[in-house]
Amino acid sequence: MFNALTIAGSDSCGGAGIQADLKAFSANGVYGMSVITAVTAQNTMGVFGIQDISPEIIKGQIDAIFDDIEVHGIKIGMVSKIESIKAVAQSLEKIKKLPYIVLDPVMVSKSRFKLLSEDATKTLIEELLPLSFLITPNIPEAEEITGRKISNIDDMKQAAKELHKMGPKNVLVKGGHLNGPATDIFYDSVNFSEIKGERIDTIHTHGTGCTLSSAIAANLAKGMEVLSAVTMGKNYVAKAIEKGFKLGKGVGPTHHFYELYRKAGILDE
Ligand SMILES: Nc1ncnc2c1ncn2[C@@H]1O[C@H](COP(=O)(O)OP(=O)(O)O)[C@@H](O)[C@H]1O
Ligand SMILES: Cc1ncc(COP(=O)(O)OP(=O)(O)O)c(N)n1
């Protein structure tokens with residue numbers, strides 16, 4: 001059985017963060033484990049508070065897992081403070097044979113709540129980008145890290161090149177925030193690939209970035225090569241968005257178990 005570890009924040013309504021990651025791991029056939037970096041009070045309408053976990057407990061969770069278990073893939077999501085980022089980086093750097101790390105550099109939620117402290121961007125860039133096999137910024141995150149405005153596919157490609165120079169082996173700039181087709185740009189230091197997708201007309205997109213990065217981490221944990229892992233992850237998130245559903249009063253979550261539900265007769269088609 002392959003496994004994957006998410007290092008991220010908790011979303012109390014279960015649409016994003018650790019909860020989305022674990023669902024995506026299961027649905028993509030790997031055993032999921034978690035290191036919680038922060039707890040958010042969050043629902044489909046917004047984020048109402050954050051409690052960061054102490055650096056000691058973040059390190060303790062990582063050490064407990066790696067002292068005991070061979071980890072096959074890692075996804076890193078929300079790590080909101082400088083001390084938390086350093087705790088994650090220091091713990092991971094100690095590990096002799098690190099599995100592939102997929103970093104989703106989470107900065108702001110869809111509801112515009114800051115999930116990364118304003119002073120922590122530089123530390124995130126310096127400490128976590130060089131450790132990453134793949135980073136998956138959305139357009140606002142890629143703009144913040146590179147300091148460039150991104151309005152079209154050519155801008156996404158230019159940003160991917162600049163992000164690559166900061167240390168990750170591969171870059172996926174996600175196009176969910178542009179108008180038109182949901183095209184993501186993958187760059188592996190030599191070639192660009194346009195990972196194309198139809199834009200699905202729905203408001204229920206809470207946790208799309210978490211879902212995609214976790215599905216890719218699961219695919220890498222299973223031994224897929226990187227472009228296949230990204231392409232299959234993109235197919236997975238598209239289906240999870242298509243089957244996204246109303247929950248609460250706001251932006252509903254992606255659906256991770258549509259295939260199980262369909263087979264059980266709970267979901268049509
Ligand atoms: N309405 C949509 N229809 C289809 N794909 C989408 C839609 N919105 C986002 N995506 C895709 O979901 C993934 C997550 O992208 P994005 O929403 O940009 O990330 P984030 O959640 O980090 O802001 C990307 O592959 C993106 O292309
Ligand atoms: C705890 C936590 N982590 C990450 C996010 C952002 O996730 P994302 O997939 O980008 O989803 P949206 O917030 O954009 O819907 C989060 N909200 N909470």
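Taken together, the values in this text are just the output of simple stated rules run on the coordinates, not laboratory data. Please read these numbers as outputs of a predicted model, since none were measured by experiment. Don't worry about glycine lacking a Cβ; one is built from the backbone with ideal geometry, like all the others, and counts go over all protein chains shown.
Kindly evaluate Ile50 against the criterion of being buried (at least 18 other Cβ atoms within 10 Å of the Cβ), over 14 Å from the mean Cα position of the chain (by Cα) and closer than 25 Å to Asp119 by Cα. The answer is yes for Ile50.
In a residue-by-residue description of the stretch 24-41, the property of being part of a helix (DSSP H, G or I) and either over 15 Å from the mean Cα position of the chain (by Cα) or away from ligand 2 (no atom under 16 Å from the Cβ) (or both) applies to at least one position.
Kindly provide the set of residues from the stretch 95-120 that are within 16 Å of ligand 1 (Cβ to nearest atom) and crowded, with 17+ Cβ neighbours inside 10 Å, ordered by number. Give the derivation first.
Just the residues of the stretch 95-120 that are within 16 Å of ligand 1 (Cβ to nearest atom), to begin with: 102-116.
If the condition is that a residue be within 16 Å of ligand 1 (Cβ to nearest atom) and crowded, with 17+ Cβ neighbours inside 10 Å, then Val102, Leu103, Asp104, Pro105, Val106, Met107, Ser109, Lys110, Leu115, Leu116 are the ones that fit.
Residue pairs whose Cβ atoms lie under 6 Å apart, sitting 6 or more positions apart in sequence or on different chains, and linking a residue in the stretch 211-224 that is over 20 Å from Ala16 (Cβ atoms) to a partner that is within 16 Å of ligand 1 (Cβ to nearest atom), are Leu220/Ala229. In the stretch 85-105, the residues that are within 16 Å of ligand 2 (Cβ to nearest atom) reach residues that are of a type in the set (S, T, N, Q) and in a loop (DSSP other than H, G, I, E, B) with C-beta atoms within less than 6 angstrom, at least six apart or across chains, in these pairs: Leu103/Ser132; Asp104/Thr136.
A quick yes/no check of all residues on (1) in a loop (DSSP other than H, G, I, E, B); (2) touching a residue at least 12 places away in the same chain (Cβ under 8 Å); (3) crowded, with 24+ Cβ neighbours inside 10 Å:
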{"site": "Pro140", "(1), (2), (3)": "no, yes, no"}
{"site": "Glu144", "(1), (2), (3)": "no, yes, no"}
{"site": "Asp154", "(1), (2), (3)": "no, no, no"}
{"site": "Ala159", "(1), (2), (3)": "no, yes, yes"}
{"site": "Gly167", "(1), (2), (3)": "yes, yes, no"}
{"site": "Leu172", "(1), (2), (3)": "no, yes, yes"}
{"site": "Gly176", "(1), (2), (3)": "yes, yes, no"}
{"site": "Ala182", "(1), (2), (3)": "yes, yes, no"}
{"site": "Thr202", "(1), (2), (3)": "yes, yes, no"}
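So that you can scan it fast, the table gives a plain yes or no per residue for (1) assigned to a helix (DSSP H, G or I); (2) closer than 17 Å to Pro181 by Cβ:
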| residue | (1), (2) |
| --- | --- |
| Gly197 | no, yes |
| Gly209 | yes, no |
| Ala215 | yes, no |
| Asn219 | yes, no |
| Gly223 | no, no |
| Ala229 | yes, no |
| Met232 | yes, no |
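Identify all residues within the stretch 211-240 that are within 15 Å of ligand 1 (Cβ to nearest atom) and surrounded by fewer than 24 Cβ atoms within 10 Å (Cβ to Cβ); write none if there are none. Scanning the stretch 211-240 gives Leu227, Thr231, Met232, Lys234, Asn235, Tyr236, Ala238, Lys239.
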